[in-house]
Amino acid sequence: MAFTIKKQLYTLTILFLILVVGISQVIISEERHEQWTIKYGIVYKDDEEKQKGFLIFKKNVEYIESFNAAGDKSYKLGINHLTDLTVEELKGSLNGYNKRSHELIGSRKTPFEYANVDSIPTSIDWRIFYLNK
């Protein structure tokens, strides 16, 4: 009798721990989203778009974490600058068009070095150009 109670208590403890760990893995906080936006320089145009981005981010992070937890692949997924994009937006951006990037012109940081060039030479002799470098 005592052995069965100990076994049941042990089983309940294990189930409780699994539940706590599972819940902590699934909860994606707005703070985590905020840290992500800072890390990748993401700026939303208004609160409505920020909320939409958060919901997409949350869904994608949950998928990433469940995929990695399954452990049945030889690779893992990770969070990156694309984590707040839907599958459709991601496919569109990989095919050369990203609706959201056109809507957010100027709101995301760009690595483009020559954004405000005033004069462009009509021709360049690349042989001389690279010799001077």
(message) Could you check the stretch 69-89 and list, in sequence order, the residues that are in a helix (DSSP H, G or I) and surrounded by 14 or more Cβ atoms within 10 Å (Cβ to Cβ)?
(response) Glu89
(message) Take the residues in the stretch 34-68 that are touching a residue at least 40 places away in the same chain (Cβ under 8 Å) and in a helix (DSSP H, G or I); name whichever of them is nearest to the chain's Cα centre (by Cα).
(response) Trp36
(message) Checking the structure you have, find out if any residue of the stretch 112-133 is out of contact with any Lys or Arg (no Cβ under 8 Å at 6 or more places or on another chain), closer than 23 Å to Glu34 by Cα, at pLDDT below 85 and β-branched (Val, Ile, Thr).
(response) no
(request) Just name the residue that is farthest from Thr37 (Cα to Cα) out of those in the stretch 90-109 that are modelled with pLDDT under 70, of a type outside the set (Lys, Arg) and surrounded by 10 or more Cβ atoms within 10 Å (Cβ to Cβ). (result) Tyr97
(request) Out of the residues in the stretch 7-33 that are more than 15 Å from the chain's Cα centre (by Cα) and of a type in the set (Gly, Ala, Ser), state the one that is modelled with the lowest pLDDT. (result) Ser24
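The values are calculated or read from the model by the stated rules, or taken from the named source; none is laboratory data. Note that this is a predicted model, so its numbers are computed, not measured. Every residue, glycine among them, receives a Cβ derived from its backbone with ideal geometry; neighbour counts consider all protein chains shown.
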